[in-house]
Amino acid sequence: MRIGIDARLWDQTGVGRYIRNLVRELYAIDKKNKYILFVTPELFASSDFEFARTEESAWKVVPTDIRWHTVEEQLLFSKVLDNEALDLVHFPYFSIPILYTKSYVITIHDLIINHFPTGKASTLPSPVYHFKRLAYKYVLRHAAKTAKKIITVSEATKKEIIDHLPVTEDKIKVTYEGIDLALQRKGERGKREEKSTLPFPLNAYPYFLYVGNAYPHKNCERLVEAFALVNKASPATKLIMVGKKNYFYQRLEEKVGKIGLQKKIIFTGAVDDQELAALYQNAQALLFPSLMEGFGLPGLEAMQNKCLVLASDIPVFKEVYQDAAVYFDPLDIQQMSDTMQKVLENKSKYKAYIQKGLERTKKFSWQKMAEETVAIYESSTSVRSGK
């Protein structure tokens, strides 16, 4: 088959990591199908795609100067896809050109935006933002209805899709995400800080770790309030928050300043994989207080680095982490605080969770995800590989 993959989000976080790992594993395991990647012109010139530039390669890269979530995407992208005579297209994100009428599959990672609008962070005038939000809902429903198959990353998100979109259960396939090799443990706990370029020593004080953005569904304001209670009882403890700074992080930093915790809560911005692994390995625990998620990759990253995970008792976390995490009610600030304080008072009590976490991470791999994705490709068209 000739399979197209919309890889325009290649260099983004979140969906970009999904695309990069999918392509890497497909290149390694699938020797039958031909793949065409659609990327931005900036990406086309990068070294990331050298593997597709040889004459004998079954891969091709097509520069596509069309931004996602735009009118151009809706009017022009279909023609670009048609030019490649594809048997199937994989859109690893809900944003598809609704004029494209040939076979495709989509990946829906979550339906968070349906529940937690981000209008306050938008630079668009309010009427324009609300129009784009309506357009998003229409495109999402159209994509779900017309796709041959819908790939999603957890049973919890599958249930959300069934509850909110016009699809039947048999159309949705769950393929769990994997864990990046760059974040696997190397050496013993505590040695990574020697190579870290972070502006503070990781063994200087006990700290809890948060990894992710600060969007409303992440519940970071309650996390800050819970940590404030911990800090009263254990003033040497700090909270390190890792994530690319944006409007929501700026708002959170302002809150931290107002309650006088600017020296206790550290905002690092984005960090590289080596620094992140060091942060995991030296933390008291990873805090994951989300109200909703599609999967929950940071928890698995923490587990593979022998870091205890304290997480919301939401369905997706219980599905992915099972008995390898300690759970709390994300709406109960006191309970969140008490959960942290118990770890500080008796960390050794939680050693069993560390071992369970290491075992749990063995259930997830990008190779397995790619193998299951190829099977979905095969079942989504009458064309079969090698024929």
Using just the helices of the chain, give the 222 nm mean residue ellipticity in deg cm²/dmol: DSSP H runs with n ≥ 4 each add -39,500 (n - 2.57), and the total is spread over all residues, rounded to 500. -12000 deg cm²/dmol
For labels at I162 and A236 in the simple 7 Å Cα→Cβ model, what's the distance in nm? 5.1
Summed residue charge, Cβ within 13 Å of E254's Cβ, Lys/Arg positive, Asp/Glu negative: +2
Using the alpha-carbon centroid of each, what span in Å lies between region 38-99 and region 262-309? 33
Region 132-154 and region 203-247: distance between their alpha carbon centers, rounded to Å: 34
Using the Kirkwood radius over C-alpha pairs as Rh, can you work out the diffusion coefficient of the chain via Stokes-Einstein at 37 °C, viscosity 0.692 mPa s, in µm² per second? 147
Could you give the alpha-carbon Rg of region 181-361 over 2.2 N^0.38 Å, rounded to two decimals? 0.94
With Cα coordinates, the longest principal axis of the chain makes an angle with the long axis of helix 220-233, in degrees rounded to 10, of 20
Taking neighbour Cβ counts within 10 Å as the exposure measure, how do F248, F328 sort from fewest upward? F248, F328
With everything on Cα atoms, drop me the angle between helix 15-29 and the longest principal axis of the chain, reported from 0 to 90° to the nearest 10. 60
Over the chain, calculate the relative contact order: mean separation of alpha carbon pairs under 8 Å at least 6 apart, over the residue count, as a percent. 17
Note the angle between two axes, namely the Cα long axis of helix 333-345 and the longest principal axis of the Cα atoms of the chain, as a number of degrees from 0 to 90, rounded to the nearest 10. 70
Could you tell me which GluC sites (Glu not before Pro) in region 1-76 are loop residues by DSSP with no more than 15 other beta carbons within 10 angstrom of their beta carbon? E55, E56
Too long for a 22 Å Cα-Cα cut-off, among K245/K347; K306/K349; K318/K362; K232/K258; K232/K263; K34/K362, are K245/K347; K34/K362
If I take every Cα pair under 8 Å that is 6 or more residues apart in region 236-387, average their sequence separation and divide by the length, what percent do I get for the relative contact order? 17
What does the charge count near I266 come to, summing +1 for each Lys or Arg and -1 for each Asp or Glu among other residues with Cβ under 12 Å from its Cβ? +2
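Bear in mind these aren't lab numbers, they're just calculated from the coordinates by the rules spelled out. None of these values were measured; they are calculated from a predicted model. With ideal geometry, Cβ positions are generated from the backbone for all residues, glycine too; neighbour counts draw on all protein chains shown.
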